[in-house]
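Below you'll find the structure, written out as structure tokens, and then a few comments.
The values are calculated or read from the model by the stated rules, or taken from the named source; none is laboratory data. In this text, all values refer to a predicted model and were calculated from it rather than measured experimentally. Virtual Cβ from ideal backbone geometry, glycine too; neighbours counted across all protein chains shown.
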Amino acid sequence: MDLLLWLENTSIAQAISASVWMYPTFESLHYVGLALLLGGIMLIDLRLLGYARSLPLRTMITLLPWVWVGFLVNVITGTLMFVYGASSFGTNRAFQIKLVLMALAGINALLFTIAASRSGQDWVSTGQTPITVRVIATLSMVFWLGVMTAGRWMAYV
């Protein structure tokens, strides 16, 4: 708890607190990042699950740079918003669940990267994804939708 209070008293947190526009700007940018992140991930995961087969997987994978931009925007804005209200966010159960789901989503993304490096050329070119990749895509959707839901619940829990 001391660390959380210390974060709230840093110059960054104080600047955010003193400004009428900083926190709402960070929150707005967080939603833009969320749209890029989740929008791209959901499209790719749905394609990996066999939907929209007329869209080549290779084309869908080109969305990944936008997903990473969204992720980076959310890391930066989420960190700044957390610093502003560290003591309330850090003890919020929904926020804690959000962090766990983000960690699970990261592990899942690592598993996808491993699967893609081993046999990705085969299933990207044929458009037929193996069951393990479909499970990873399903878990990705569950984890990221959970992250988004827990993030919204933070205001109410």
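So, Thr79, is that one free of Cβ contacts under 8 Å to residues at least 40 places away in the same chain and more than 20 Å from Ala150 (Cβ to Cβ) or not?
On the way: free of Cβ contacts under 8 Å to residues at least 40 places away in the same chain: yes; more than 20 Å from Ala150 (Cβ to Cβ): no.
No.
State whether one or more residues within segment 96-103 are within 30 Å of Ser17 (Cα to Cα), touching a residue at least 40 places away in the same chain (Cβ under 8 Å) and surrounded by fewer than 14 Cβ atoms within 10 Å (Cβ to Cβ). Step through it out loud before you land on a result.
We begin by selecting, within segment 96-103, every residue within 30 Å of Ser17 (Cα to Cα); these are 96-103.
Within this subset, residues satisfying the condition of being touching a residue at least 40 places away in the same chain (Cβ under 8 Å) are 97-98, 101-102.
Then keep just the ones that are surrounded by fewer than 14 Cβ atoms within 10 Å (Cβ to Cβ); that gives none.
No, every residue in segment 96-103 fails to be within 30 Å of Ser17 (Cα to Cα), touching a residue at least 40 places away in the same chain (Cβ under 8 Å) and surrounded by fewer than 14 Cβ atoms within 10 Å (Cβ to Cβ).
What number goes with the only condition from (1) in a loop (DSSP other than H, G, I, E, B); (2) surrounded by 14 or more Cβ atoms within 10 Å (Cβ to Cβ) that Arg53 does not pass?
(2)
Go over the candidates Leu101, Leu64, Leu57, Leu110 one by one and state the one that is hydrophobic (A, V, I, L, M, F, W, C) and modelled with pLDDT of 95 or more. I'd like the intermediate steps shown before the answer.
Working: Leu64 fails: modelled with pLDDT of 95 or more; Leu57 fails: modelled with pLDDT of 95 or more; Leu110 fails: modelled with pLDDT of 95 or more.
Within the list Leu101, Leu64, Leu57, Leu110, the selection yields Leu101.
Going residue by residue through segment 133-153, is there one that turns out to be among the β-branched types (Val, Ile, Thr) and either surrounded by fewer than 13 Cβ atoms within 10 Å (Cβ to Cβ) or outside any helix (DSSP H, G or I) (or both)?
The answer is no; no qualifying residue exists.
Which of (1) farther than 27 Å from Ala18 by Cα; (2) in contact with a His (Cβ under 6 Å, 6 or more places away or on another chain) does Asn108 not meet, given it meets every other one?
Status for Asn108: all satisfied but (2).
Would you pick out the residues in segment 1-43 that are over 22 Å from Lys98 (Cα atoms) and among the aliphatic types (A, V, I, L, M)?
Ile12, Ala15, Ile16, Ala18, Val20, Met22
Taking the conditions exactly as written (surrounded by fewer than 19 Cβ atoms within 10 Å (Cβ to Cβ), in contact with a helix residue (DSSP H, G or I) (Cβ under 8 Å, 6 or more places away or on another chain) and of a type in the set (Val, Ile, Thr)), does Thr77 satisfy them or not?
no
Taking segment 2-50 only, how many residues are among the hydrophobic types (A, V, I, L, M, F, W, C), part of a helix (DSSP H, G or I) and closer than 22 Å to Phe143 by Cα?
Here the count works out to 13.
Of all residues in segment 76-132, which are of a type in the set (Ser, Thr, Tyr) and in a helix (DSSP H, G or I)? So that I can check it myself, show each step before the final result.
Filtering segment 76-132 down to residues of a type in the set (Ser, Thr, Tyr) leaves 77, 79, 84, 87-88, 91, 113, 117, 119, 125-126, 129, 132.
Residues satisfying the conditions are Thr77, Thr79, Tyr84, Ser87, Ser88, Thr113, Ser117, Ser119, Ser125, Thr126, Thr132.
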